[in-house]
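First comes the structure, then the notes that go with it.
Here, each number is a calculation from the coordinates, and none is a lab measurement. Please read all numbers here as calculations on a predicted model, not as lab measurements. Backbone-built Cβ (ideal geometry, glycine too); neighbour counts: all protein chains shown.
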Amino acid sequence: MTDASATAPAYTGPRRILSGIQASGALHLGNYLGALKRFTALQDSGAPCFLFVADLHAITVWQDPALLAAQTREIAAAYIASGLDPAKSTIFPQSAVRAHAELAWILNCVARLGWLDRMTQFKEKSGKHKERASVGLYTYPVLQAADILLYKATEVPVGEDQKQHLELTRDIAGKFNTDFNAPGYFPLPEPLIQGPATRVMSLRDGAAKMSKSDPSDQSRINLTDDADTIASKIRKSKTDMGVMPEPGEGLDDRPEVKNLIAIYAALSDRTREEITAEFAGQGFGAFKPALADLAVSSLAPVTAEMRRLMDDPAEIDRVLRDGAERAAGIADPVIAEVKKIVGFWQA
Ligand code: AQP
């Protein structure tokens, strides 16, 4: 793939921020620090924010139909509980705006098979039996490109794991603009991968991403965990025989310690250097309880608000319905224009 930004004329439309979280429930600290907390920080950045619940993405792996709508509400509740104001930010279910699927099909015909073959997330998620994976799991990054380009989003806050998919989105946008002689029609969106916790790692293995599909519940802190569970998981988290590092000490050979410091920094809105300076030379017996207290006090209000909202599904449904209408107000004219550009028959 080439970087489409090298040759394409610049997009001149307004700034828009867009991101999504899969409706597969079970949100964890990685989702909170890598996504939710950062969306909230961007809400007042001067560009409108579109945050969707990715239910079309969720069904790329099996989802129980009896649970999917509740999982969708749970992610919407997490958005609101993390501080997103539905009056300012557009919060909506992806499947409620038909144009996502329509644009994904058109972009499936723009993207090249070789580009998708290189996507590492598919390789990781499909494992040893890729022939048993759904076709949707394979084409997932094209749907993601459609999600972004449908709103002509210019900035996409995501965790480190989504970097390759964002590069693919830029390539698809560039190829569409070139193939259809529509210079600058789609923006080449910028991934916003910033902050101390763009890749929160497992509490049991500093080389693996904290992930909802990790079979060990001890590997992650779930947003539904109570205070005792959070404290116990942090107490039992893997470290080493050493003590807390000195400022400036390299930590590449101590990934678990590096991860805990990054989590502390992200939760407290401080830098890793500040945290290292504070705890230098101390044992983990001092650091882990401090981290546990911080995690509990940061997550407890979010969890409590999520529970309150989940007890009032009608309130969440109002937010999602209103968000879907507002989102369609942007998406529908874009898909109509795209169909015209592609040359489809129009009445
Ligand atoms: N460990 C992480 N650290 C930082 N950011 C993370 N994100 C996910 N895991 C981490 C970010 O959260 C957003 C939403 O992710 P998602 O739930 O839509 O999908 P995902 O990345 O596939 O999440 P998981 O937990 O890793 O799911 P599985 O186990 O199914 O693969 C994204 O912005 C993502 O970067």
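In whole percent, what relative contact order does the chain give with Cα contacts below 8 Å and a gap of six or more residues? It would help to have the intermediate numbers written out before the result.
Numbers: 524 pairs, mean separation 81.2, N = 347.
Dividing the mean separation by the residue count of the chain yields 23 percent.
So which trypsin sites (Lys or Arg not before Pro) in the stretch 214-297 are both in a DSSP loop and have at most 14 other Cβ atoms within 10 Å of their Cβ? Could the numbers behind the result be given before it?
Numbers: sites: R220, K233, R235, K236, K238, K258, R270, R272; in loops: R220, K236, K238, R270.
Those that pass, being in a loop and sparsely packed, are K236, R270.
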### Query
Say a paramagnetic label sat at a point 7 Å from the Cα of Q194, along Cα to Cβ; which residues of the stretch 141-180 have their backbone N under 14 Å from it?
155-159
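Could you work out the mean projected area of the convex hull around the alpha carbons of the chain, in square nanometres to one decimal? Mind showing how you got there, number by number?
Numbers: hull surface 75.6 nm².
For the Cα atoms of the chain, the hull's average projected area reads 18.9 nm².
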### Message
What aspartates and glutamates does K88 reach when the alpha-carbon gap must be under 13 Å and sequence neighbours fewer than 8 apart in one chain are set aside?
### Response
D44, D322
### Summary
Here the tail fraction of P(r) beyond 15 Å, over all Cα-Cα pairs of the stretch 165-256, rounds in percent to 73
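Please report the antiparallel percentage of the DSSP beta bridges confined to the chain, to the nearest 5. Could you put the intermediate results ahead of the total?
Values: 2 of 16 bridges.
Around 10 percent antiparallel, to the nearest 5.
Rounded to the nearest 500 deg cm²/dmol, what is the calculated helix-only ellipticity per residue at 222 nm for the chain, with -39500 (n - 2.57) per DSSP H run of length n ≥ 4?
For the chain, the value works out to -15500 deg cm²/dmol.
How much FRET efficiency would the formula 1/(1 + (r/R0)^6) give for S134 and E274, where r is the Cβ-Cβ distance and R0 is 51 Å, rounded to 0.05?
On the way: r = 45 Å, r/R0 = 0.88.
Working from the Cβ atoms, E equals 0.70.
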### Message
Rg/Rh for the stretch 101-143 to two decimals, with Rh computed the Kirkwood way over all alpha-carbon pairs.
### Response
0.98
### Message
Based on the alpha-carbon set only, what is the convex hull volume of the stretch 217-310 divided per residue, in Å³?
### Response
93
### Message
In the chain, once you exclude exposed chymotrypsin sites (Phe, Trp or Tyr not before Pro) (DSSP loop, at most 10 other Cβ within 10 angstrom), what's the longest stretch remaining?
### Response
63-343
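Sum up the lysine pairs in the stretch 215-347 that clear both bars: alpha-carbon distance under 28 Å and a spacing of 8 or more or different chains. Walk me through the intermediate numbers first.
Working: K233/K258; K233/K288; K236/K258; K236/K288; K238/K258; K238/K288; K258/K288.
Lysine pairs satisfying the spacing and distance rule in the stretch 215-347 number 7.
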### Query
Cα to Cα, under 25 Å, and not fewer than 8 places away if on the same chain: which lysines meet these conditions relative to K128?
K163, K209, K212
### Task
Please give every one of the aspartates and glutamates within straight-line cross-link reach of K175, meaning a C-alpha to C-alpha distance under 12 Å, and leave out same-chain neighbours fewer than 8 residues apart.
D3
### Task
Determine the relative contact order of the stretch 212-347: mean sequence separation of Cα pairs under 8 Å and six or more apart, normalised by residue count, in whole percent.
24
